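Worksheet: the structure to be examined is printed underneath.
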Amino acid sequence: MKREELLIQMKIATEQASADREKAQLEVTQYREQLLMEHELKRQKMLVDANTTLQQEKLKIDVNREVTNLEALERREAEFHQLQERERERARDAQLKLRELKERVHLERELVKQQQQNLLLQKRRLSAWRHK
């Protein structure tokens, strides 16, 4: 009987060792899977962080480009308004010169008219004096 008991104990010990080995193997597999998952999570987080940083940089570049474009547009608009104002001043100057020229022509015509009247009066006087 002792031999049977010994065989039974050996069988139980073998089964226990096999169960312990399977348990240890399962724990190692689970640990590896956990490590792989942690590694993948870290990798994904790094990718997300890198992508976020890249998007932020792109956004900064886009914002800076838009600011630059707006500033350039504002400068061109200011230049355009300055040119418009200069053109208005030139038009006012031209209108003023035209008015002055018209006034001068009018005065010169009046002068010529007066001179003609004076000449006519002198001619009449001269004629009247000769007839006396």
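The values are calculated or read from the model by the stated rules, or taken from the named source; none is laboratory data. In this text, all values refer to a predicted model and were calculated from it rather than measured experimentally. Don't worry about glycine lacking a Cβ; one is built from the backbone with ideal geometry, like all the others, and counts go over all protein chains shown.
Only one entry in Glu15, Glu33 is among the charged types (D, E, K, R), out of contact with any Phe, Trp or Tyr (no Cβ under 6 Å at 6 or more places or on another chain) and at pLDDT below 95, namely Glu15. Glu77 passes every criterion in (1) modelled with pLDDT of 95 or more; (2) exposed (fewer than 10 other Cβ atoms within 10 Å of the Cβ); (3) not basic (Lys, Arg) apart from (2). Is there a residue in segment 27-48 that is surrounded by fewer than 10 Cβ atoms within 10 Å (Cβ to Cβ) and in a helix (DSSP H, G or I)? Taking every residue of segment 27-48 in turn, none turns out to be surrounded by fewer than 10 Cβ atoms within 10 Å (Cβ to Cβ) and in a helix (DSSP H, G or I).
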